[in-house]
Amino acid sequence: MIPAAFEYYRPTDMDGVLAILAEHGDDARVLAGGHSLIPMMKLRMAEVPHLIDLQDVGGLKGITVEGGTIRLGAMTTQTEIIGSDTLTAAAPILREASLQIADPQVRYMGTIGGNVANGDPGNDMPGLMQCLDATFHLIGPDGTRYVAARDFYEAAYMTDREDDEVLTAVSFDQPVGGYAYEKQKRKIGDYATAAAAVQIVKEGGKCTSASIAMTNLSDTPIYSQEAGAALVGTVVDDAAMDAAVAAMLGDIDPTEDNRGPIEFKRHVASLILRRAIARAWSRA
Amino acid sequence: MSNKMHIKLTVNGEAHEFLAEPRELLIHTLRERLDITGPHIGCETTHCGACTVTMNGKSVKSCTVFVAQANGADLTTIEGIGDPDNLHALQTSFKEHHGLQCGFCTPGMITRAAKFLEENPNPTEEDVRFGMAGNLCRCTGYQNIVKAILATADELNAAKEAAE
């Protein structure tokens with residue numbers, strides 16, 4: 001399992017990263033934790049002639065919660081997310097989802113930035129970021145621009161990020177109400193057969209807002225606006241959940257693979273979403 | 001492209017310097033270049049954990065780290081945890097509780113368990129199973145591995161109390 005040869009760079013600032021990207025275009029890729037990219041390189045499904053390691057670039061790590069806004073630097077690892085009491089107090093769904101990613105060794109290395117920027121439909125953070133209506137921060141030769149997570153994903157491994165840009169951070173408003181990240185997987189370390197991220201707000205016994213996104217059920221994460229809308233104004237009873245699940249099933253487009261045929265995936269997606277809504281509601 | 005780079009590593013307290021292609025995987029560096037053969041190659045696809053080492057205080061699967069990324073790193077392998085004349089408490093405990101059969105996964109298992117107990121000295125059984133989920137064993141069914149780790153935690157805590 002030897003990848004193709006590459007030139008290795010370890011710049012110490014973002015200007016250095018951008019200069020290499022500008023010079024080599026799509027022959028260059030940035031490396032965060034490497035736990036998506038390195039396996040692809042070893043399988044020679046990805047060839048990266050110029051590999052830019054971000055580990056020494058300053059300012060890419062850290063979690064801040066300020067004025068109702070949460071910001072995570074791109075190089076923040078899943079282990080750091082799980083261990084952050086500040087983040088868990090402000091947005092507990094991040095910890096709940098991170099604990100369901102891969103295994104301890106992978107979580108020490110895997111980063112939020114790599115997870116969202118890679119564009120793998122199996123990754124958990126993209127769907128979660130869509131649920132939270134997060135904003136991605138992209139730096140390029142013309143400065144920083146901001147893209148909504150809900151607009152970022154175009155197809156498997158295809159995103160709105162340009163070849164000369166680097167995703168430096170994600171940010172989102174501190175969520176309110178109940179939450180749940182529910183994931184069905186065949187074994188530890190596997191991607192989801194289906195996963196659901198739910199945030200739900202309850203006032204006077206009724207749901208006043210709900211946000212629902214699904215993982216690994218299309219070639220992009222799926223934010224199902226209609227599934228959330230189906231819960232609003234209800235007491236989140238069986239009928240409301242049926243409506244939300246039906247709306248979600250209208251938005252996903254799973255394909256058959258070694259996790260099962262399409263009908264099975266739709267079945268699992270229904271169960272997982274139902275569980276996620278029930279748990280989020282119980283916490284709202 | 002034979003673009004070798006100058007690499008410096010500290011492994012089990014010993015400094016090493018050599019030239020290597022950046023694409024060399026850390027597990028290959030350890031086993032083939034430095035003759036540190038405790039970490040094993042099981043799957044070479046980030047699944048099994050047999051190649052687990054501690055890098056800068058983190059348990060990592062050394063099949064999924066390029067040697068270039070590890071440049072400057074401080075590494076600990078099973079060789080740095082104990083030796084036949086001076087076994088680590090985990091090694092004794094694995095032996096006593098039959099925490100191994102064929103032994104192939106054991107170096108990675110113990111390297112990970114040592115880091116796990118450092119981070120969580122008072123684990124529940126569930127904590128152990130969750131914290132060890134990145135290491136596969138095809139022989140034991142895990143029961144005795146979990147027992148061995150829990151027993152080690154008790155032993156280390158008792159020793160610590162006795163010392164205080």
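The values are calculated or read from the model by the stated rules, or taken from the named source; none is laboratory data. Everything numeric in this text was worked out from a predicted model, so none of it was measured. Virtual Cβ from ideal backbone geometry, glycine too; neighbours counted across all protein chains shown. Just the protein is used for accessible areas: all its heavy atoms, side chains included, with ligands, DNA and RNA removed. Shrake-Rupley method; radii C 1.70, N 1.55, O 1.52, S 1.80 Å.
Please check chain A for the longest run free of trypsin sites (Lys or Arg not before Pro) that are loop-located per DSSP (anything but H, G, I, E, B) and have at most 14 other Cβ atoms within 10 Å.
A:45-185
Taking GluC sites (Glu not before Pro) as candidate sites, keep only those in a DSSP loop with at most 15 other Cβ atoms within 10 Å, then name the longest stretch of chain A containing none of them.
Details: sites that count: A:Glu47, A:Glu162, A:Glu256.
It works out to A:48-161.
Given a 1.4 Å probe, show me the residues in the stretch B:58-78 buried by at least 50 Å² of accessible surface when comparing the whole protein assembly to the chain alone.
Checking the loss per residue gives B:Lys58, B:Thr64, B:Phe66, B:Gln69.
Based on Cα positions only, what radius of gyration and what Dmax would you give for chain A, in angstroms?
18.9, 61
Compute the signed sum of charges (Lys and Arg +1, Asp and Glu -1) over the other residues within less than 9 Å, Cβ to Cβ, of A:Ile272.
Working: positive: A:Lys183, A:Arg274, A:Arg275; negative: A:Glu182.
Its environment carries a net charge of +2.
Would you mind counting up the charge near B:Gly38? Only other residues with Cβ under 12 Å from its Cβ, with Lys and Arg at +1 and Asp and Glu at -1.
With Lys, Arg at +1 and Asp, Glu at -1, the neighbours total -2.
Between their Cα atoms, which of A:Lys185/A:Lys265; A:Lys61/A:Lys183; A:Lys183/B:Lys61; B:Lys61/B:Lys115; A:Lys187/B:Lys58; B:Lys58/B:Lys160 are more than 20 Å away from each other?
Over 20 Å apart, Cα to Cα: A:Lys61/A:Lys183; A:Lys183/B:Lys61; A:Lys187/B:Lys58; B:Lys58/B:Lys160.
Please find, in a Gaussian network model of chain A (springs between Cα atoms separated by less than 10 Å), the residue of A:Asp120, A:Asp238, A:Asp251 whose mean-square fluctuation is greatest.
A:Asp238
Would you mind giving the mean number of other chain beta-carbons within 10 Å of the Cβ of each residue in A:49-57, as a whole number?
Partner Cβ neighbours, averaged per residue: 2.
Translational diffusion coefficient, Stokes-Einstein: compute it for the stretch B:31-164 using the Kirkwood radius over C-alpha pairs as Rh, at 37 °C and 0.692 mPa s, and state it as an integer in µm² s⁻¹.
Working: Rh = 15.1 Å.
Result for D is 217 µm²/s.
Please report the net charge: other residues with Cβ closer than 12 Å to the Cβ of A:Gly110, K and R +1, D and E -1. Don't skip to the answer; put the middle values down first.
Details: positive: A:Arg107, B:Lys58, B:Lys61; negative: A:Glu80, A:Asp103, A:Asp120, A:Asp124.
Counting the neighbours of A:Gly110, the net charge comes to -1.
log10 I(q)/I(0), Debye, Cα-only the stretch B:5-80, no solvent, q = 0.23 Å⁻¹?
Result of the Debye calculation: -1.02.
Would you mind classifying the stretch B:89-163 by shape? Square roots of the alpha carbon gyration tensor eigenvalues, ordered a ≥ b ≥ c; an a/c under 1.5 is rounded, otherwise it is prolate if a/b is larger than b/c and oblate if not.
Working: a/c = 1.96, a/b = 1.51, b/c = 1.30.
Verdict is prolate for the stretch B:89-163.
For the stretch A:7-53, what is the accessible area per residue in Å², given a 1.4 Å probe and the full set of protein chains?
Details: 2090 Å² over 47 residues.
For the stretch A:7-53, the solvent-accessible area averages 44 Å² per residue.
With θ set to phi - 60° and the Karplus curve 6.51 cos²θ - 1.76 cosθ + 1.60, what are the ³J(HN,Hα) couplings of the stretch B:138-155 in order, to the nearest whole Hz, using x for Gly and Pro?
9, 9, 7, x, 6, 3, 6, 5, 4, 4, 4, 5, 4, 5, 5, 4, 4, 5
Hey, in the GNM for chain B with a 10 angstrom Cα cutoff, which one of B:Ile36, B:Ile78, B:Ile110 fluctuates hardest?
B:Ile36
Go through A:Phe152, A:Leu99, B:Asn3 and say which Cα lies farthest out towards the positive end of the charge dipole of the protein assembly as shown; charges sit on Cβ, +1 for Lys and Arg, -1 for Asp and Glu.
Positive-end residue among those listed: A:Leu99.
Of A:Asp27, A:Asp53, A:Asp124, which has the largest mean-square fluctuation in a 10 Å C-alpha GNM of chain A?
A:Asp27
Take the Cα pairs of the stretch A:181-283, get the Kirkwood Rh, then feed it into Stokes-Einstein at 4 °C and 1.567 mPa s and tell me D in µm²/s.
So the translational diffusion coefficient is about 96 µm²/s.
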